[in-house]
Amino acid sequence: MAPSRTASNDRVRAAYEQLRDLLAQGDGTFIEEGPAILRDAIETDGFFDGVETEHAEDSYTRRLVHRESDGPVIRFMEWPPEYALLPHEHHGRPCFEVLVDGQLFVADMEAEKIAGNEYDLNVVESTVCNPGDAGIVDPRTGSDIHAVYSPVRTRSLHVYPDDNHYGIGYVPSDEANDLYRKERFQLRE
Ligand SMILES: [Fe+2]
């Protein structure tokens, strides 16, 4: 019988406990040391027992792996082939992800306010994430706006300091002038 997805296996719990202890030392320690902990954990036999993504068809999926009443939250995302996620920012605190398989292009961007809710976006850095690579989103160090593209079906594990259910997206508002407006959006559960 397949284990229930809320009853995490020992490997997942061991990784969770290390991540929880890092987070207790502060957000800086959490994102500096967390990715290596997660990368080592996913290479351990048995980590993926009962840990699966939800199949992604038209959009990404985001399934809970482990959460306790406080402490970090681990989620497993699946990205469909040739999928582009519009620029968005996470609000508040830093988080990270480690690629399990596939490939992600991540473009870090900066927004320049043109008028009320009108922004010009520019790519400041772009990275290619391959399996085992970590991506970090840190709003404490300047801009945390990023867009994501998955050329092929991709799975990634994400660790957040707390469980947020919304993000701030940048939606094209004036295609001729390449301008965007900010909108709050619901994250997929
Ligand atoms: Fe993001």
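Report ³J(HN,Hα) in whole Hz for each residue of segment 20-28, in order, from the Karplus equation J = 6.51 cos²θ - 1.76 cosθ + 1.60 where θ = phi - 60°; Gly and Pro get x.
4, 5, 5, 4, 5, 8, x, 4, x
Rounded if a/c is under 1.5, else prolate if a/b beats b/c, else oblate: with a ≥ b ≥ c from the C-alpha gyration tensor eigenvalues square-rooted, which is segment 137-183? All intermediate terms of the calculation are to be shown ahead of the outcome.
Values: a/c = 2.14, a/b = 1.38, b/c = 1.55.
Taking the square roots of the gyration eigenvalues as a ≥ b ≥ c, segment 137-183 is oblate.
For GLU125, GLU32, what's the fewest-to-most ordering of other Cβ within 10 Å of each Cβ? Intermediate results must be reported in sequence, preceding the final value.
Values: GLU125 11, GLU32 16.
If I rank by nearby Cβ atoms, fewest first, I get GLU125, GLU32.
So if R0 is 22 Å, what FRET efficiency would GLN25 and LEU64 give, r being the distance between their Cβ atoms, rounded to the nearest 0.05?
Numbers: r = 24 Å, r/R0 = 1.10.
Step by step, r from the Cβ atoms, then E = 0.35.
Report the calculated FRET efficiency for ASN177 and ILE136 (r = Cβ-Cβ distance, R0 = 30 Å), to the nearest 0.05.
Numbers: r = 32 Å, r/R0 = 1.05.
The computed FRET efficiency comes out at 0.40.
Can you tell me how segment 7-116 classifies by the Cα gyration tensor, rounded, prolate or oblate, using a/c under 1.5 as the rounded cut? Could you put the intermediate results ahead of the total?
Values: a/c = 2.11, a/b = 1.30, b/c = 1.62.
It is oblate, given that a/c is not under 1.5 and a/b is not larger than b/c.
When the Karplus curve 6.51 cos²θ - 1.76 cosθ + 1.60 is applied with θ = phi - 60°, which whole-Hz ³J(HN,Hα) does each residue of segment 86-92 get, with x for Gly and Pro?
Using θ = phi - 60°, the values come out as 4, x, 7, 10, 8, 9, x Hz.
For an R0 of 25 angstrom, estimate the FRET efficiency from the Cβ-Cβ distance between GLU17 and GLU52 and round to the nearest 0.05. Working shown, then result.
Values: r = 22 Å, r/R0 = 0.87.
Efficiency, rounded to the nearest 0.05: 0.70.
Per the helix-only calculation at 222 nm, which mean residue ellipticity applies to the chain, given -39500 (n - 2.57) for every DSSP H run of n ≥ 4 and division by its residues, nearest 500 deg cm²/dmol? Don't skip to the answer; put the middle values down first.
Working: 2 runs with 31 residues, N = 189.
Dividing the helical sum by the residues of the chain leaves -5500 deg cm²/dmol.
Under a crude label model (7 Å from the Cα following the beta-carbon direction), how far is ILE168 from LYS113 in nanometres?
A separation of 1.0 nm, rounded to one decimal place.
Readers should treat all values here as calculations from the given coordinates under stated rules, not as data from a laboratory. Note that the coordinates shown come from a computational prediction; the quantities given were computed from them, not determined experimentally. Cβ sites come from the backbone with ideal geometry, for glycine too, and all protein chains shown count toward neighbours.
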